[in-house]
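One structure is given below, encoded as structure tokens.
Every read-out reported here was derived from the displayed coordinates using simple, explicitly stated rules and does not represent laboratory data. None of the values given here were measured: they were computed from a predicted structure. So basically every Cβ, Gly included, is an ideal-geometry build from the backbone, and we count neighbours across all protein chains shown.
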């Protein structure tokens, strides 16, 4: 039983960090859109997706408090990197901004599916939430591709960098 609790603790810690990171990425994108890049349609799309991420983050913040789980020690770094990634991808243009979303969401899709497969019936509420959040993330990925995300040319390198960074952040946040 202790192993399950440790696993669930890791799930909640990393999901909290990830959802907060998603909020920070969108904050960085909105910062670029409010200062340097002017694209009201993209701004509205990002604001809408950010609302889902805030909902997800609030759920995991409550779980962290309720279950007395320590958040990852890397939250300040993830915050900084998230804002930087969002800002940087957006100043590169709409395709890059949307690829940022698509790349992150593809990693999160696998990550959440893995958690869904591992959670038992004793964590029904948590599993239900993760299933819903995964559906939201898949919707964000679809929006990103509809809005011009691409992996062609130089964007394939950006995709690999974002995915590698996301996977590394997941592994670190599970443990520390």
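What the table shows:
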| quantity | calculated |
| --- | --- |
| Residues 26, 112, sorted so that the one with the fewest Cβ neighbours within 10 Å comes first | 112, 26 |
| Computed over the chain: relative contact order in percent, which uses C-alpha pairs under 8 Å that are six or more apart | 30 percent |
| Shape call, region 77-139: gyration tensor on alpha carbons, a/c limit 1.5 | prolate |
| Convex hull volume per residue for the chain, taking Cα atoms only, in Å³ | 100 Å³ |
| Acute angle (nearest 10 degrees) that the helix 75-91 long axis makes with the longest principal axis of the chain, alpha-carbon atoms | 30 degrees |
| Label-zone membership for region 108-126, site residue 135, 7 angstrom Cα→C-beta point, backbone N under 15 Å | 113, 125-126 |
| For region 9-23 versus region 90-123, the gap between their alpha-carbon centres in whole angstrom | 12 Å |
| Angle between the chain longest axis and helix 2-35 axis [Cα atoms, degrees, rounded to 10] | 20 degrees |
| Kirkwood hydrodynamic radius (C-alpha pairs) into Stokes-Einstein, region 101-176, 4 °C and 1.567 mPa s, D in µm²/s | 96 µm²/s |
| Using a Förster distance of 30 Å, the FRET efficiency for residue 125-residue 163 (Cβ separation, nearest 0.05) | 0.50 |
| Highest-MSF residue in the chain out of 138, 33, 92 [GNM, Cα springs under 10 Å] | 92 |
| Shape of region 1-92, Cα gyration tensor, a/c cut at 1.5 | prolate |
| Least to most buried among 143, 46 (fewest other Cβ within 10 Å first) | 143, 46 |
| Prolate/oblate/rounded call for region 47-99, Cα gyration tensor, a/c under 1.5 rounded | oblate |
| Sorted by Cβ neighbour density within 10 Å, fewest at the top, the residues 57, 100 | 57, 100 |
| Angle between the chain longest axis and helix 124-146 axis [Cα atoms, degrees, rounded to 10] | 10 degrees |
| Within a Gaussian network of the chain (alpha carbon springs, distance under 10 Å), most fluctuating of 13, 67, 134 | 67 |
| Max mean-square fluctuation residue, GNM over the chain, Cα-Cα springs under 10 Å, options 74, 60, 87 | 74 |
